[in-house]
């Protein structure tokens with residue numbers, strides 16, 4: 001295909017973090033890249049705003065300058081279930097709590113340095129065998145990347161909607177001006193099928209997110225079930241309005257067709273309880289760029305499936321605790337009595353421990369402990 005003045009090698013539909021990561025990974029391999037979006041910066045979205053260590057490392061690989069970007073470094077994860085709590089630090093590295101709009105700006109700055117072309121306030125109106133339609137204008141591209149979110153139009157136009165929805169929950173986020181009281185991301189487990197995540201995102205600000213199966217439950221009401229957290233936030237100034245989003249765990253049968261490939265939430269997702277959504281998107285961006293370089297998107301399909309395997313397993317495990325409060329109490333009690341075991345589970349969660357080792361060193365000892373049998 002000959003390239004004209006308006007043509008490009010890769011057109012990315014959607015300028016959120018997943019789309020920008022895909023654009024940067026493609027630029028690192030020498031592709032000309034255009035990103036189109038119907039909105040314009042700053043682009044915000046309700047999320048937990050905590051990057052796991054593998055996500056921080058992935059940003060560095062993309063050339064994003066994290067040092068000096070602000071935010072808050074956290075060392076691990078803490079689970080709290082009324083009177084029981086357990087925590088563990090990451091096995092090397094640190095996580096980063098950072099406002100979503102701050103992360104978006106970092107990615108935008110890096111993309112500008114990398115000479116990515118942007119078309120803002122330019123909705124894509126259709127898919128063409130040679131590229132995409134922007135109203136009456138056809139932009140030709142060798143590859144089309146759909147990064148337009150969980151309700152992706154590009155996914156539907158490409159005939160890639162077939163898949164399986166595993167779970168759907170609803171999240172509501174708000175920020176509070178308060179000195180962080182912890183150097184961990186805290187996950188509070190409630191008795192009516194909800195969790196509240198607290199992530200420090202600055203020296204004087206925390207991000208608080210409610211996730212539940214009810215689209216009607218809001219943070220103010222849910223906090224009544226968490227008196228310790230409610231008392232901390234009672235006199236704190238809310239610095240943002242409450243913002244909502246859907247948290248879905250779903251897997252598509254295919255994530256590419258022809259010259260079209262999907263990344264980020266457009267390509268499937270895991271529940272927000274894993275905290276791995278952004279990290280997975282950054283991994284997908286690198287895998288897609290490698291596949292485009294080789295001219296073989298089937299390799300991306302395999303890499304995409306592999307990247308979701310561990311987070312999907314963690315999603316099922318963690319949501320089983322959400323649905324069974326009595327079982328959760330036993331599990332968290334066992335982990336509290338054996339913090340090293342929780343540390344191994346966390347290492348597996350962020351990919352520092354292989355799946356076989358996770359089963360051998362994490363799940364098997366936990367099962368034995370719950371059964372009251374000796375561990376070795």
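From (1) within 29 Å of residue 226 (Cβ to Cβ); (2) surrounded by fewer than 21 Cβ atoms within 10 Å (Cβ to Cβ), pick out the condition that doesn't hold for residue 156.
Among (1) within 29 Å of residue 226 (Cβ to Cβ); (2) surrounded by fewer than 21 Cβ atoms within 10 Å (Cβ to Cβ), the lone unmet condition for residue 156 is (1).
Is it fair to say residue 163 is in contact with a strand residue (DSSP E or B) (Cβ under 7 Å, 6 or more places away or on another chain), at pLDDT 95 or above, closer than 29 Å to residue 127 by Cβ and surrounded by fewer than 17 Cβ atoms within 10 Å (Cβ to Cβ)?
Details: in contact with a strand residue (DSSP E or B) (Cβ under 7 Å, 6 or more places away or on another chain): yes; at pLDDT 95 or above: no; closer than 29 Å to residue 127 by Cβ: yes; surrounded by fewer than 17 Cβ atoms within 10 Å (Cβ to Cβ): yes.
It is false that residue 163 is in contact with a strand residue (DSSP E or B) (Cβ under 7 Å, 6 or more places away or on another chain), at pLDDT 95 or above, closer than 29 Å to residue 127 by Cβ and surrounded by fewer than 17 Cβ atoms within 10 Å (Cβ to Cβ).
Quick check on my filter: what residues within region 1-60 are within 27 Å of residue 138 (Cα to Cα), out of contact with any strand residue (DSSP E or B) (no Cβ under 8 Å at 6 or more places or on another chain) and in a helix (DSSP H, G or I)? Steps first, answer last, please.
Step one: list which residues in region 1-60 are within 27 Å of residue 138 (Cα to Cα), which gives 1-43.
Among the residues that remain, those that are also out of contact with any strand residue (DSSP E or B) (no Cβ under 8 Å at 6 or more places or on another chain) are: 2, 5, 16-18, 21, 24-25, 28-30, 38-43.
Selection gives 17, 18, 21, 24, 25, 28.
Which of the residues spanning region 109-143 are assigned to a helix (DSSP H, G or I) and either loosely packed, with under 15 Cβ neighbours inside 10 Å or not assigned by TED's automatic domain parsing to the domain that holds residue 257 (or both)?
Residues of region 109-143 that are assigned to a helix (DSSP H, G or I), as a first pass: 109-113.
Hits for region 109-143 are 109, 112, 113.
Yes or no: region 216-228 includes at least one residue that is within 24 Å of residue 326 (Cα to Cα), buried (at least 20 other Cβ atoms within 10 Å of the Cβ), in contact (Cβ under 8 Å) with a residue 24 or more places away in the chain and under 19 Å from the mean Cα position of the chain (by Cα).
No, the conditions are met nowhere in region 216-228.
Are there any pairs, at least 6 apart or on different chains, whose C-beta atoms fall under 7 Å, with the first in region 69-96 and without any contact (Cβ under 8 Å) to a residue 60 or more places away in the chain and the second surrounded by fewer than 16 Cβ atoms within 10 Å (Cβ to Cβ) and in a strand (DSSP E or B), and if so, which?
So the pair list comes out as 94/73; 96/73.
Kindly check whether there is at least one residue in region 205-213 that is more than 20 Å from residue 169 (Cα to Cα) and at pLDDT 95 or above.
The first filter runs over region 205-213 and keeps only residues more than 20 Å from residue 169 (Cα to Cα), leaving 205-206.
Of the ones still in play, those that are also at pLDDT 95 or above are 205-206.
Yes, region 205-213 has at least one match.
Can you find, within region 78-87, the residue that is farthest from the chain's Cα centre (by Cα) among those that are assigned to a strand (DSSP E or B) and farther than 15 Å from residue 50 by Cβ?
Only one residue fits best here, namely 84.
From the list 309, 324, 302, 360, which residue is loosely packed, with under 14 Cβ neighbours inside 10 Å and at pLDDT below 80? It would help to see each step written out before you state the result.
Details: 309 fails: at pLDDT below 80; 324 fails: at pLDDT below 80; 302 fails: at pLDDT below 80.
Sole residue among the options that is loosely packed, with under 14 Cβ neighbours inside 10 Å and at pLDDT below 80: 360.
Please find, within region 267-295, the residue that is farthest from residue 156 (Cα to Cα) out of those that are at pLDDT 95 or above and touching a strand residue (DSSP E or B) at 6+ places or on another chain (Cβ under 6 Å).
Top of the filtered list is 292.
So, of the residues in region 88-99 that are more than 18 Å from the chain's Cα centre (by Cα) and assigned to a strand (DSSP E or B), which turns out to be surrounded by the fewest Cβ atoms within 10 Å (Cβ to Cβ)?
Once the filter is applied, the top-ranked residue is 89.
Here are some conditions: (1) within 27 Å of residue 96 (Cβ to Cβ); (2) over 22 Å from the mean Cα position of the chain (by Cα). Residue 249 meets all but one. Which one does it not meet?
(2)
Would you be able to say whether some residue in region 261-271 is in contact (Cβ under 8 Å) with a residue 40 or more places away in the chain, surrounded by 22 or more Cβ atoms within 10 Å (Cβ to Cβ) and either over 17 Å from residue 147 (Cα atoms) or not assigned by TED's automatic domain parsing to the domain that holds residue 55 (or both)?
Yes: region 261-271 contains one or more residues that are in contact (Cβ under 8 Å) with a residue 40 or more places away in the chain, surrounded by 22 or more Cβ atoms within 10 Å (Cβ to Cβ) and either over 17 Å from residue 147 (Cα atoms) or not assigned by TED's automatic domain parsing to the domain that holds residue 55 (or both).
The values are calculated or read from the model by the stated rules, or taken from the named source; none is laboratory data. Keep in mind that what you see is a predicted model, and the values were worked out from it rather than measured. Every residue, glycine among them, receives a Cβ derived from its backbone with ideal geometry; neighbour counts consider all protein chains shown.
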